[in-house]
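Colleague: There's a structure below that I have some questions on.
What follows draws every value from the coordinates through simple rules; no lab data is involved. Being a predicted model, the structure only gives us computed values, none of them experimental. Please note: Cβ atoms are built from the backbone with ideal geometry, for glycine as well, and neighbour counts cover all protein chains shown.
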Amino acid sequence: MAEVLIKKEACRGCQICVEVCPTEVLAFDEAEQKAVVKNATDCIACLSCTYICPSTAISQQDFHSVKNFYRDLDFSVKAKRYL
Amino acid sequence: MSEPKIKLNTEWLSVCGGCHVALVDLHEKIVDVMKVIEIQRSPLLTDEKGYPPAQIGLITGSVRTDHDREVAKAMRASCDKIIAFGTCAVYGGIPGAALAHTAEDILDRVYLNNPSTDSSKGVVPNRLVPKMDAKITPLDEVIDVDLYLPGCPPHAAFIFDALMSLTKDRDPRAKEESICAKCNRLMKKTDVSQIKSVMDGMPDEDTCFLSQGYICLGSVTLNRCAAPCPQNGVVCTGCAGPMPQILTEPNRDIRTEVAARMSALTNIPPMDVVNEIEKSAKSYYAYAMASGMVRNKPTFLIEKWIEQVEKV
Ligand code: SF4
Ligand code: SF4
Ligand code: SF4
Ligand code: SF4
Ligand code: SF4
């Protein structure tokens with residue numbers, strides 16, 4: 001099952017992830033002004049939240065990654081060599 | 001007996017020099033570095049002018065002259081591992097922004113028609129200076145590069161970690177994290193409906209610039225600086241270069257990603273943000289536009305954007 005993780009200290013509280021999630025996995029904690037995982041088992045690993053999050057606070061684990069053949073191949077190779 | 005030290009050469013090409021100063025910014029940590037690394041040649045730190053064999057070579061800057069190309073090759077030949085150090089070396093950086101102009105335009109502006117210097121002699125220097133290329137070339141289009149450390153300059157903590165990871169043969173700890181992840185501002189929903197210039201008003205200190213109508217590139221920029229600008233009242237201008245998802249995905253771009261986030265936070269239509277960024281594309285794309293990863297994107301139309309602004 002896909003697992004969604006939110007890094008609390010990185011979250012800037014924009015709520016965009018809550019709005020884009022098609023399956024209402026995420027919710028917003030008004031008191032803390034941070035996004036939280038509410039219905040973890042409903043995640044379909046579409047990665048919409050991960051891509052839109054401005055602060056790279058969301059990551060996914062245990063999901064099948066679809067290969068994007070349209071990616072910039074040169075950079076994908078280089079990206080592994082960043083310090 | 002202690003382990004032999006790892007030998008390091010450094011060299012600068014077309015740069016501001018800030019990346020070499022950043023090495024010295026390690027402050028007392030440089031003592032730890034010197035225990036395991038011997039700096040053999042470095043334009044700011046040692047007198048050595050040659051290129052003795054070394055395990056690690058740091059190169060700052062991009063290639064704009066014959067001289068840059070020759071010394072880059074000499075570094076490649078003398079060092080086992082070459083690190084493109086700083087945004088200039090990784091993407092072209094500030095000198096790469098000259099891509100928006102021809103070499104003739106630049107020489108004319110600097111030496112012949114410069115409003116703030118006396119150019120009455122009408123001379124462009126051509127003796128004892130290396131020949132200037134028609135355009136900037138990022139380092140890895142001239143020599144093979146093993147590792148990349150962007151940042152303008154990279155923060156000392158990232159430099160220290162990178163050097164230590166190389167000496168200890170471990171992975172560096174730096175992550176693919178954006179500037180927003182280290183910013184202390186709160187992204188609030190607002191009813192702001194117009195984009196502001198940085199000269200307009202006094203931004204609130206605790207609220208995200210995007211929420212207030214100021215364009216900030218924090219969400220599209222890789223953190224190699226620990227986010228000093230938004231934490232000190234200034235928008236992020238993207239000096240460490242774009243986030244990997246912008247470089248790998250053809251349908252994602254600085255202007256569209258910022259527009260999606262800004263329009264979700266405010267009442268500003270996404271196309272207003274896109275148009276504003278295109279209007280000042282020379283600034284918003286300055287740091288990485290010379291790199292093929294940005295320059296060759298089918299959606300990167302800098303010539304058209306400049307023409308649209310300059311014909312008005
Ligand atoms: S990956 Fe998709 S389904 Fe899962 S939490 Fe994010 S937006 Fe929702
Ligand atoms: S998109 Fe990211 S920053 Fe925004 S609320 Fe969600 S986790 Fe927090
Ligand atoms: S990356 Fe920035 S600090 Fe480093 S040399 Fe280039 S302009 Fe200067
Ligand atoms: S967009 Fe700028 S001001 Fe807003 S959270 Fe990111 S870095 Fe901070
Ligand atoms: S402009 Fe952005 S990337 Fe550059 S130092 Fe400031 S916060 Fe960091």
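Colleague: So if I restrict to the alpha-carbon atoms in the range B:159-229, what is the Rg, and what is Dmax, the biggest pairwise distance, in Å?
Modeller: Values for the range B:159-229 (Cα only, Rg and Dmax): 16.4, 52 Å.
Colleague: Once phi is turned into ³J(HN,Hα) by the Karplus curve 6.51 cos²θ - 1.76 cosθ + 1.60 with θ = phi - 60°, what whole-Hz value does each residue of the range B:84-99 show in order, with x for glycine and proline?
Modeller: Each residue of the range B:84-99 in turn: 6, 10, x, 4, 4, 6, 7, 10, x, x, 3, x, x, 5, 5, 4 Hz.
Colleague: Next up: Principal axis extents for chain B, Cα atoms only, whole Å, descending order, please.
Modeller: Largest first, chain B extends 67, 53, 36 Å along its Cα principal axes.
Colleague: Now a separate question. So what is the relative contact order for chain A, in percent, with contacts set as C-alpha pairs under 8 Å and at least six apart?
Modeller: Rounded, it is 35 percent for chain A.
Colleague: For a quick check of your reading of the filter: which GluC sites (Glu not before Pro) in the range A:8-43 sit in a DSSP loop and have no more than 13 other Cβ atoms within 10 Å?
Modeller: A:GLU9, A:GLU24, A:GLU30, A:GLU32
Colleague: Taking the 0 to 90 degree range and rounding to the nearest ten, how far is the long axis of helix B:156-168 tilted relative to the main principal axis of chain B, both from C-alpha atoms?
Modeller: Around 40 degrees separate the two axes.
Colleague: How many Cβ atoms of partner chains, on average, are near each residue of B:240-249 if near means within 10 Å of its Cβ?
Modeller: Mean partner-chain Cβ count within 10 Å for B:240-249: 4.
Colleague: At q = 0.11, 0.19, 0.23, 0.25 Å⁻¹, what base-10 log of I(q)/I(0) does the Debye formula yield for the range A:3-82 when every alpha carbon is treated as an equal point scatterer in vacuo?
Modeller: Scattering profile of the range A:3-82, log10 relative to I(0): -0.33, -0.84, -1.07, -1.18.
Colleague: Sorting check: for B:239-250, B:260-271, which peptide has the highest mean count of neighbouring beta carbons within 10 Å, and how do the rest follow?
Modeller: B:239-250, B:260-271
Colleague: Another one. Show me, for the range A:39-53, the HN-Hα J-couplings you get by feeding each phi into the Karplus relation (A = 6.51, B = -1.76, C = 1.60, θ = phi - 60°), rounded to Hz, glycine and proline as x.
Modeller: 10, 3, 6, 7, 5, 9, 6, 6, 6, 4, 5, 5, 5, 7, 4
Colleague: Which of B:ASN223, B:ASN184, B:ASN232 moves the most in a Gaussian network model of chain B with Cα springs under 10 Å?
Modeller: Its mean-square fluctuation being the largest, the pick is B:ASN232.
Colleague: Tell me the mean residue ellipticity at 222 nm calculated for the protein assembly as shown from its helices only (DSSP H runs of n ≥ 4, each -39500 (n - 2.57), averaged over every residue, nearest 500).
Modeller: -7500 deg cm²/dmol
Colleague: Using the Cα centre as the reference, give the magnitude of the dipole from point charges on the C-beta atoms of the protein assembly as shown (Lys, Arg: +1; Asp, Glu: -1; all else neutral), rounded to the nearest 20 debye.
Modeller: In total the dipole reaches around 520 debye.
Colleague: Mind jotting down the three principal axis lengths of the range B:8-93 based on Cα atoms? Whole angstrom, largest first.
Modeller: Cα extents, longest axis first: 35, 25, 22 Å.
Colleague: Quick one: of the DSSP bridges fully inside the protein assembly as shown, what percent are antiparallel, nearest 5?
Modeller: In the protein assembly as shown, approximately 40 percent of DSSP beta bridges are antiparallel ones.
Colleague: Using a Förster radius of 30 Å, what is the FRET efficiency between A:GLU30 and B:LYS304 based on their Cβ-Cβ separation? Nearest 0.05, please.
Modeller: Here the calculated transfer efficiency is 0.10.
Colleague: Would you mind telling me the antiparallel percentage of the DSSP bridges in chain B, rounded to 5?
Modeller: 20 percent
Colleague: Once amide H atoms are built 1.01 Å from N in the peptide plane, which residues 5 or more positions from B:ASP133, or in another chain, come under 5 Å H to H?
Modeller: It is B:THR65, B:ASP66, by chain and number.
Colleague: Oh, and also: Report ³J(HN,Hα) in whole Hz for each residue of the range B:261-276, in order, from the Karplus equation J = 6.51 cos²θ - 1.76 cosθ + 1.60 where θ = phi - 60°; Gly and Pro get x.
Modeller: Per-residue couplings from phi come out as 6, 5, 6, 6, 8, 10, 9, 7, x, x, 5, 4, 5, 4, 5, 4 Hz.
Colleague: Provide the packing ranking of A:51-57, B:63-69, B:170-176, i.e. peptides ordered by the mean count of other C-beta atoms within 10 Å per residue, highest first.
Modeller: In decreasing order of mean packing, A:51-57, B:63-69, B:170-176 become A:51-57, B:63-69, B:170-176.
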